[in-house]
Amino acid sequence: MTAVGIDAIEIWTGKLTLDLPNTFAPQKGEDPEKYTKGLGLNASSFPDAHEDIVTMGANAAKRLMERKGLTPDDIGRIDVATESAFDNSKPVSTYIAGCLEQVYGEDFHHANKGERKFACIAGTQSLDDAYNWIKAGRNRGRAALVVATDTALYARGDPGEATQGAGAVAMLIDEDPSLVELSTHQGYGSADETDFLKPNQQFPSVDGKRSMQVYLARMREALEDYESVAGDSHPDDFAYIPFHTPFPGMVRKAGLLGYRHMIRDTPVEEELAEDIGLQPREDDFEDRETYEEAIREHMDDLKSTDAYREWYGEVIEPTLSISREVGNWYTGSVHIARASALKAAAEAGIDLAGKDLLVGSYGSGAQAEIHAETVRDGWKDEIEQLNIDEQIDERYDLSFAEYEKVHDRHNHDKTIEIEDFTLPEEEFVFTGWGRMNERTYEYVE
């Protein structure tokens, strides 16, 4: 059976940055370590005045197509995942295709275009759609272009303000992929929740504590559902486990939950029991409340063990390096987690070919998906093409007053005008509005 998966990936970060410990924290009168150690974040990315979800997605896609030597005729579908869309009818994929057509001698009229929405999980759902389309034999030899692009803004003063971010991830889905092969084994956890939503409003309504609980509950359900088809999982099965990363501090909780689940009834649990005891079993308690308190105490002990710390440092920590510097990208966050892991392995000289990843995606509202991916032989050549470190280093460092203006500029308010902080060069830029209130774009040499 022909392998299908991610053949190539490109990343485009917003060209502005806000230093959280040194610029944001002093204005809030808070300890910088609340952000660096608590949330696990150093900085957030923001779009410049000429950037938005279309330009970031189109720029990532153009770089990917150029590097792979592709033309529009090679692409049979373009799927965009976003929760930052500005049109309730026309999909962002049509805007991105229109941008790309400005620099190619061909059009995308033959390509199926769509837009996925399910909070942050939509990027993974778009991967699934592209995978199924190819596996069904409907691609006629063409590849799929999946773009996850978002501007994650919160209202000023909202607790989520420090986790903001902006950027895009473009992925080429094709047969015989160079980067990772997608497995047929998937697991889901889904429920009707109101942990994070945008009911006809620009900024999200968020129940932070509830959102954390829902994230962990759906991830647990997805892992159990995954194991129902793939068999029991073990911490040693996976080279890396990239999670949806709204902020790294949230992943610390997901990693601990996953580790506890995977070592249950294994020799690892028995060995750790010498120091911290066996995991509590619900049948041993008279009521749920007492059992849950025992679980919390056990997990506090578990996260302090050398075995867990070593596993976390090797399997989870490398997935967080990009997110620490750019913040939450909503639909793109799990995909930059994957890129972070592969990038770390390449830099460390680790041979990942044939090794497995376990990818944990999540979208508020709420759904989690867990699936396996197998790293392909060409992974290192592909991942070394990324220039995300250069992009991060070259961002314009905003003052707090400048940040306030940028925040206002990108809240869909047409009356706010600011000058560009960076000079556009060889990229798509936002130029204004057309006669039907559509957003307009052009390519700047």
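Arrange the peptides 255-264, 74-83 so that the one whose residues have, on average, the most other Cβ atoms within 10 Å appears first. All intermediate terms of the calculation are to be shown ahead of the outcome.
Values: 255-264: 19.8, 74-83: 25.8.
With the highest mean Cβ count within 10 Å placed first, the list reads 74-83, 255-264.
Overall shape of the range 40-94 was characterised from the C-alpha gyration tensor. The equivalent ellipsoid obtained from it has semi-axes of 23, 18, 10 Å, in decreasing order.
How large is the translational diffusion coefficient of the range 239-335 in µm² per second when you combine the Kirkwood radius over alpha carbon pairs with Stokes-Einstein at 25 °C and 0.890 mPa s?
Details: Rh = 14.7 Å.
D, rounded to a whole number, is 167 µm²/s.
Its alpha carbons considered, the range 127-217 gives a radius of gyration followed by a Dmax of 17.7, 50 Å. Residues of the range 1-42 with an amide N closer than 12 Å to a point placed 7 Å from the Cα of LEU423 along the Cα-to-Cβ direction: none.
Against the chain, whose longest principal axis comes from its Cα atoms, helix 208-230 is set at around 80 degrees. Would you compute the Debye intensity of the range 317-445 from its alpha-carbon atoms alone, equal scatterers and no solvent, and pass along log10 I(q)/I(0) at q = 0.10, 0.22 Å⁻¹ to two decimals? Evaluating at q = 0.10, 0.22 Å⁻¹ gives log10 I(q)/I(0) of -0.51, -1.31. I'd like the orientation of helix 122-135 relative to the chain: the angle between its Cα long axis and the longest Cα principal axis, in ° from 0 to 90, rounded to 10. Orientation of helix 122-135: about 80 degrees from the principal axis. Just going by the charge dipole of the chain, with Lys and Arg at +1 and Asp and Glu at -1 on Cβ, which of THR431, GLY360, ILE336 is farthest out on the positive end? The one lying farthest along the dipole's positive direction is THR431.
Taking amide H atoms as placed 1.01 Å from N in the peptide plane, the amide H of GLU83 lies under 5 Å from those of THR331, each 5 or more residues away in sequence or on another chain.
Solvent-accessible area assigned to carbon and sulfur over the range 329-445 amounts to 42 percent, based on a 1.4 Å probe. Note on the range 56-142: Kirkwood hydrodynamic radius from all Cα pairs is 13.5 Å, rounded to one decimal.
What pairs in LYS209/LYS405; LYS90/LYS343; LYS113/LYS135 have C-alpha atoms more than 24 Å from each other?
Numbers: LYS209/LYS405 30 Å; LYS90/LYS343 35 Å; LYS113/LYS135 18 Å.
Table pairs above 24 Å Cα-Cα are LYS209/LYS405; LYS90/LYS343.
From the alpha carbon centroid of the range 159-199 to that of the range 95-118 is 21 Å.
Packing-wise, with mean Cβ within 10 Å as the measure, how do 50-56, 352-358, 30-36, 18-24 rank, highest first?
On the way: 50-56: 27.7, 352-358: 17.9, 30-36: 16.3, 18-24: 20.0.
Answer by packing, highest mean first, reads 50-56, 18-24, 352-358, 30-36.
Among bridges DSSP assigns within the chain, what percent are antiparallel (round to 5)? Mind showing how you got there, number by number?
Details: 48 of 64 bridges.
Restricted to the chain, the bridges split so that about 75 percent are antiparallel.
The helix-based estimate of mean residue ellipticity at 222 nm for the chain, built from -39,500 (n - 2.57) per DSSP H run of four or more residues and divided by its residue count, is -11000 deg cm²/dmol to the nearest 500.
At the listed q of 0.11 Å⁻¹, the Debye profile of the chain, built from one uniform point per Cα, gives log10 I(q)/I(0) equal to -0.84.
Remark: the range 300-349 projects, on average over all directions, an area of 4.3 nm² (convex hull of Cα atoms). Taking Cα atoms only, the orientation of helix 400-409 departs from the longest principal axis of the chain by about 70 degrees. Compared with the alpha-carbon gap, the fully stretched path from ASP31 to GLU175 is longer by 46.9 nm at 0.36 nm per residue.
Anisotropy class assigned to the range 378-445 is oblate, per the alpha carbon gyration tensor with a/c at or over the 1.5 cut-off and a/b no larger than b/c. The modelled label-to-label distance for the pair MET1/ILE350, using points 7 Å beyond Cα in the direction of Cβ, is 2.7 nm.
Restricted to Cα atoms, the range 170-231 shows a radius of gyration and a Dmax of 16.3, 42 angstrom.
According to the Cα-based calculation, Rg over Rh for the range 246-396 is 1.03, with Rh computed by the Kirkwood formula.
Each peptide in 188-199, 150-161 gets a packing score, the mean of other Cβ atoms within 10 Å over its residues, and the list from highest to lowest is 150-161, 188-199.
The values are calculated or read from the model by the stated rules, or taken from the named source; none is laboratory data. For clarity, every value in this text was computed on a predicted model and none was experimentally measured. Reconstructed Cβ throughout: ideal geometry from the backbone, glycine too, with neighbour counts over all protein chains shown. Ligands, DNA and RNA are excluded from the accessible area calculation, which covers all protein heavy atoms including side chains. Shrake-Rupley method; radii C 1.70, N 1.55, O 1.52, S 1.80 Å.
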